[in-house]
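Contents: one structure, followed by commentary.
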Ligand SMILES: Cc1ncc(COP(=O)(O)O)c(C=O)c1O
């Protein structure tokens, strides 16, 4: 029996050869019944749920089970959250221990918080040695923005088209607002500029490759002419997660770091989605050897327990003092235990390397799919952050949203729990997944793409 295991990890009792296992048509009868009862009161569902209203009951490693007993391969990790799979025993035990010992002590020192900050200082690159903890990605981003303002005394900030930084005012102001759903206009001082996307470059060289220097030159011009001269720095995702796993060219962040250093601007990098093993590094920025001044961690940081972090370089540590940094839940013992246990599991299981390996395996398989299906315009993967961009035409690159929705639903019905996103299919399997299960999941997507292309007359 092969279990939901990798390396020394051995907690799964599910036979992965038997997953997916669809016992009913889905969503099944019980799922539909729960969904009806729940949504009478629970409102504001995400597109992920609206398009496939199933009710889940349990998760184990990289397998999810719904209330009708159907088993799915997990290609979404909750929502980029359970990077180490569901209910890893070491993490569950750590949370349970502190849940029965001490639940909250505001921001008083505790032994578990002490152990966590010492561990973070050890694993994070450079002199990222100042920490504060929060309970969601959004609250960490807001605190990071306060540090940015406090450290510089300035209040204009530059982000990029299609970035996402959460749903409160600061985050929304620096993110891609597609509709007035947030009821927001951008905050004064929030600026957006284009960002290098290797598949859809705004500026490219004669040979067609992306021209990073032109982006930096534009930023300089924009800062000189489009701001009031009060710019604190850049606030960016390393890879755009919600934007569709959009990868920057390798020279972007090194060049931006140099530009920031030359101009006295700070670099705040929002790693809520990309950090803690998701791309095969603690910080995604380590792929480019760049140390940000301020960084936010979330999602996989506590592998499902709501714990997030703002980390700053030594010289900005004192800025925490002036931003009234503490919060009700930030750094509570259960949260610290979850983050510390997750960090130790990644180290003990050598999971950073495994995530890199899975990304390479996935990219190879997705390249085959691209060769086969002309509606695939681009494929990309860094560790277990993956994307497939669908187009109506490879020359015009017109986005193919309708295909994206159909492919999402078809693969889900086959037993793949994953994330919908218009014309960009996004995959974030747990980094504890074994290669065989990863390839099985990609085969299911391949089949769904083929069926959809035929249905839409695009095969
Ligand atoms: C880059 C980034 N920043 C911030 C957030 C907001 O995090 P949360 O949903 O935990 O508030 C997200 C959530 O997806 C994110 O991807």
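The values are calculated or read from the model by the stated rules, or taken from the named source; none is laboratory data. Bear in mind the structure is a predicted one, so any value in this text is a computation, not a measurement. Cβ coordinates were reconstructed from backbone atoms using ideal geometry, including for glycine residues, and neighbour counts include every protein chain displayed.
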Residue among 188, 238 that is in contact with a helix residue (DSSP H, G or I) (Cβ under 7 Å, 6 or more places away or on another chain) and either assigned by TED's automatic domain parsing to the domain that holds residue 136 or modelled with pLDDT of 95 or more (or both): 238
Unmet requirement for residue 95, which otherwise passes all of (1) assigned to a helix (DSSP H, G or I); (2) touching a strand residue (DSSP E or B) at 6+ places or on another chain (Cβ under 8 Å): (2)
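Here's the yes/no breakdown for (1) more than 27 Å from residue 277 (Cβ to Cβ); (2) touching a strand residue (DSSP E or B) at 6+ places or on another chain (Cβ under 9 Å):
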{"position": "380", "(1), (2)": "no, yes"}
{"position": "392", "(1), (2)": "yes, yes"}
{"position": "400", "(1), (2)": "yes, yes"}
{"position": "412", "(1), (2)": "no, yes"}
{"position": "427", "(1), (2)": "no, yes"}
{"position": "431", "(1), (2)": "no, no"}
Tally up the residues in the stretch 212-228 that are buried (at least 17 other Cβ atoms within 10 Å of the Cβ) and in a loop (DSSP other than H, G, I, E, B), please. 0
Confirm whether residue 122 is within 16 Å of the ligand (Cβ to nearest atom), in the same structural domain as residue 248 (by TED's automatic domain parsing) and over 14 Å from residue 266 (Cβ atoms). no
Considering only residues that are within 16 Å of the chain's Cα centre (by Cα) and not in a helix (DSSP H, G or I), which ones fall in the stretch 289-309? 295, 296, 297, 298, 302, 303, 304, 305, 306, 307, 308, 309
Checking the structure you have, find out if any residue of the stretch 311-326 is surrounded by 24 or more Cβ atoms within 10 Å (Cβ to Cβ) and over 19 Å from the mean Cα position of the chain (by Cα). yes
Considering only residues that are part of a loop (DSSP other than H, G, I, E, B) and touching a strand residue (DSSP E or B) at 6+ places or on another chain (Cβ under 9 Å), which ones fall in the stretch 39-67? 52, 54, 55, 62, 67
Suppose the filter is on the phi > 0 side of the Ramachandran plot, surrounded by 22 or more Cβ atoms within 10 Å (Cβ to Cβ) and away from the ligand (no atom under 16 Å from the Cβ); does residue 280 pass it? yes
Set 203, 288: member being closer than 24 Å to residue 312 by Cα and in contact with a helix residue (DSSP H, G or I) (Cβ under 9 Å, 6 or more places away or on another chain): 288
Looking at residue 166, is it at pLDDT below 95 and either surrounded by 22 or more Cβ atoms within 10 Å (Cβ to Cβ) or part of a loop (DSSP other than H, G, I, E, B) (or both)? yes
In the stretch 125-140, is there at least one residue being at pLDDT 95 or above, buried (at least 17 other Cβ atoms within 10 Å of the Cβ), within 16 Å of the ligand (Cβ to nearest atom) and within 24 Å of residue 289 (Cβ to Cβ)? yes
Within the stretch 300-311, identify whether any single residue is more than 13 Å from the ligand (Cβ to nearest atom) and over 26 Å from residue 256 (Cα atoms), and answer yes or no. yes
Can you pull out every residue in the stretch 252-288 that is under 30 Å from residue 347 (Cβ atoms) and part of a loop (DSSP other than H, G, I, E, B)? 272, 273, 274, 275, 276, 277, 278, 279, 280, 281, 282, 283
For residue 173, all conditions in the list (1) in contact with a strand residue (DSSP E or B) (Cβ under 7 Å, 6 or more places away or on another chain); (2) touching a residue at least 40 places away in the same chain (Cβ under 8 Å) hold save one; what is the number of the exception? (2)
Report, by residue number, each residue of the stretch 344-361 that is touching a helix residue (DSSP H, G or I) at 6+ places or on another chain (Cβ under 6 Å) and surrounded by 20 or more Cβ atoms within 10 Å (Cβ to Cβ). 345, 358
Among residues belonging to the stretch 385-436 that are more than 22 Å from the chain's Cα centre (by Cα) and assigned to a helix (DSSP H, G or I), point out the one that is nearest to residue 84 (Cα to Cα). 436
If you scan the stretch 193-211, which residues turn out to be within 14 Å of residue 253 (Cβ to Cβ) and either outside any loop (DSSP other than H, G, I, E, B) or not assigned by TED's automatic domain parsing to the domain that holds residue 154 (or both)? 210
